[in-house]
Structures are given as structure tokens and as C-alpha cells.
Amino acid sequence: MFNVRSLLKFDYLMLLPVLGLAFYIAFIPHLNYPYAIHVDEWVHITRSNMLMEAGSVNFPGVFSLEVGFHLFWGVFQTISGLSWMDIYRYFPGVIFIITVLSVYILAQREGFGWEAAFFTALIPSTVGIMGPAFLVPVAMGLLFTPLYLFLAFNFRTLWSYLLIFIFTAFLLSIHAPSAISPIIVLVPYILLNLKGNFKHSLGIGLALLLPFLTAMVIFPWIFNLLLPTAKDLLIPQPATEYVQLPRVIQTYGYLPIAFCLLGTFMLALRGGKKNYGLILGLLALLLMLATFYTFHYGVSIMYERGLMFMMLMVSIVAGAGLAEIKNLKLPTRLGAGLKVPLASQNIGKLLSLALIGIVLASSIPARLNTLYYHMIDREDYQAFAWIKENVN
């Protein structure tokens, strides 16, 4: 019992600075800029305001596939009384902390909680792929994928399937790609369970499918989008010049990718449906992204936003690689011959700390040097605020 408690305390101690790192990484673009940054953020602010002023989602010019996102933040802003600029400056970091926590919840049971959380905290943001620095639907949707996996891996009850159903319905209302990406990740795990645990696969499958069927019943026009979308899958799409898979891998960092490769190897050696589910879920995402990048077959928005989910899965698996290094121990005979027994007993932890330092030394400057455009400056913002208050 003592060892278990000590391990948990160590995990919690390591988790706290990781959460601080997550907020800092998400806050970097806002360090010296108090306004919303990305053009999409300004669009979401406008639509949320219009929706709240109208008191309905069913009027021309406002309804979109992200209406749930606009409704959620419109209601939150009205209830909290916070300014939109404060919300869009600080809440990306808050949401990213929750994302990192959800990764920890998933991976802690598998033995690499804070390690996976650490790599997740380093997920970059750019104006092309979005990211945790922006208050946009994909950043909000990102936090649910680890929770999907946690529920699917550890629970087989009606309540767990109900939560998966609720998550999917909510994600469909805020951002369809964020609802589809976790399904791509979960499909291999569902297939792995067909033979030994068919009921579990059926429960997960129905919980994922029913929200889509319900949406098509409530909004029949969605059904009309299915055939054109299916046809698009068979027609090469124009390449996305500003979002490219190799460039994203470079932006994320080669060291985390190396840890991911090690983690993939170690999870495969351990075996088990959970470990294979993580590996195959990552590979399924990579297959979708590589197919679009190489052959241009697929849906462009799934490629552009799927890159963020790919980095999330890479981070989780990279955590398994770092945990393997942390658990390294010298053979007894070799360790006994060293003059510093404490160091020999903790060689894995010391090595992992050194590698963490190297990762941080390369990642943080890269995040600080990322360029972002600014939609508005202080003078223009004050001018528009004055017009709003004084011109009817």
C-alpha cells in the first residue's frame, strides 16, 4: 500500500507543473495581446452575440454546424458577465488544462499518466491547424477523445455507453470533425472486441451511431449532405497548401515523435486490447491523414482538423515511451559496481528528467517563435467599442 501511495503522490507532484506548462503553452500568443487572435475566433464571437440577441438558433445568417459552440459560449458569457476578450484570452488555457487532465485520467491507469500529459501539454498551435491557444471548436472537442478511450477501455455499463452517447451528441452540435475523429480512433478497439466481447463493441457502436441518426431525424437537411460527401471521397480534392502533414510533424517536434515510436513498440510488446487499441487508433488517424496528403482523397476539413487529434494520440503513445525509459534499471551486478548506488538505482528517472529537459529546451523556444497575425490593435478596438456604445 505504501508503494502505491508513494507512486500516486509522485504522479500528482509531476502533474502539477505539467498543468502549469499546458496553460503557459496555450497562453503564449496572448502574452502581450489582450484580444482574440484568429479570424475564426472573431466569427464565433459575432455568431454567439447574434444568437443570444435573437434568442433562437433558427433564423437566417446564424445557424451553422457549430451552433452548439456558439450557444455554449453565448450562454456562458451572459451568465458570467466576463468580457469576450477575457474569455478568448484566458479560457483556451483553461480548456487545455482540462484536455491534459483527461489524458492523465486515461493514461494513469495504464502506467504512464503524467508522461502522456507532459507531451500533450506541448501540442502546438498555428493559424493553419488551429490548436489549444485558440478558443475554437476543435480545441474544445480535443478534450473528449481521451475520455472516450477511458470509458471504452474501463467500463462496460449502460451509464458508460450513455456518456459516450452524450459526448457524441454534444460534439456533433459544436463541431462535426471533433465527433468523427474519436470514432476513427475507437473503430480498431471496437473491432478487437467483436470476438471476445461482442456486447461491449455493440454498446460502444450504438452509442456512437445513434447521435448521428438522431441528428438526421431532427435536421433532415443533414441527410442531403451525405451523398455529396460520399461522392467527394471518390474525387481527388485540391491540396491544402497551408496545412501539410510533414510540416506539422516538424512543428510538433522530432523528439516527441521518437518517444512515440518507442511507445508504440513497447505497447505492442505488452499486448492486450487496450494497448493495441491505442496503437491502431493512432495508425487509423495517420492512414486517413496520409491518404489525403498523398492522394488527396478524403474530406479536407477532416484532414485539417484531424492533424490536431493525430498529435493528441502521438502524445499519449509518447507517454508510454517516456515511462519505459523512466522505469529503466541497471542490472544488479552492474549497479553494485558503481560508486553512487542512489544514481544506479534511479538511472531511468535521471535519464528521463534529462530527456524532458532537452524536449523543453527545444519545444518552448519553438512555441515562443511561432508567428500569429493580429486582427485588431488597441486603437482600432477602442474605436469600435466607442462606436458600439455611442452610435445607434
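A few comments on the model shown:
This table checks each residue for (1) of a type in the set (A, V, I, L, M, F, W, C); (2) in contact with a Leu (Cβ under 9 Å, 6 or more places away or on another chain); (3) farther than 20 Å from S352 by Cα.
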residue	(1), (2), (3)
Y104	no, yes, no
E110	no, yes, no
E115	no, yes, no
F119	yes, yes, no
L135	yes, no, yes
G141	no, yes, yes
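- Looking at Y297, Y303, just one residue is in a loop (DSSP other than H, G, I, E, B) and either modelled with pLDDT of 90 or more or closer than 30 Å to K231 by Cβ (or both), and that residue is Y297.
- Region 245-259 residues that are within 10 Å of F119 (Cα to Cα) and at pLDDT below 90, paired with ones that are charged (D, E, K, R) and part of a helix (DSSP H, G or I) (beta carbon under 6 Å, 6 or more apart): none
- Pair list, Cβ < 8 Å and 6+ apart or interchain, from region 292-306 residues that are over 13 Å from P177 (Cβ atoms) and in contact (Cβ under 8 Å) with a residue 12 or more places away in the chain to residues that are assigned to a helix (DSSP H, G or I) and of a type in the set (A, V, I, L, M, F, W, C): Y293/L245; Y297/L233
- Checked against the criterion of being of a type in the set (A, V, I, L, M, F, W, C) and modelled with pLDDT of 90 or more, region 331-338 contains not a single residue that satisfies it.
- Applying the criterion of being over 28 Å from E241 (Cα atoms) and hydroxyl-bearing (S, T, Y) to the residues of region 252-300, the residue that is surrounded by the most Cβ atoms within 10 Å (Cβ to Cβ) is T264.
A quick yes/no check of all residues on (1) free of Cβ contacts under 8 Å to residues at least 60 places away in the same chain; (2) over 24 Å from F259 (Cα atoms); (3) crowded, with 22+ Cβ neighbours inside 10 Å; (4) under 13 Å from the mean Cα position of the chain (by Cα):
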residue: W84; (1), (2), (3), (4): yes, yes, no, no
residue: V100; (1), (2), (3), (4): no, no, yes, yes
residue: Q108; (1), (2), (3), (4): no, no, no, no
residue: V136; (1), (2), (3), (4): no, yes, yes, yes
residue: M140; (1), (2), (3), (4): no, yes, yes, yes
residue: L162; (1), (2), (3), (4): yes, yes, no, no
residue: L172; (1), (2), (3), (4): no, yes, no, no
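- Residue count, region 227-255 (criterion: within 23 Å of the chain's Cα centre (by Cα) and under 21 Å from I184 (Cβ atoms)): 8
- Residue selected from region 349-392 under the condition free of Cβ contacts under 8 Å to residues at least 24 places away in the same chain, among the polar types (S, T, N, Q) and not in a helix (DSSP H, G or I), by the criterion nearest to Y35 (Cα to Cα): N369
The values are calculated or read from the model by the stated rules, or taken from the named source; none is laboratory data. In this text the structure is predicted, and so the values were computed from the model without any measurement. Every residue, glycine as well, gets a Cβ built from its backbone with ideal geometry; the counts of neighbours run over all protein chains shown.
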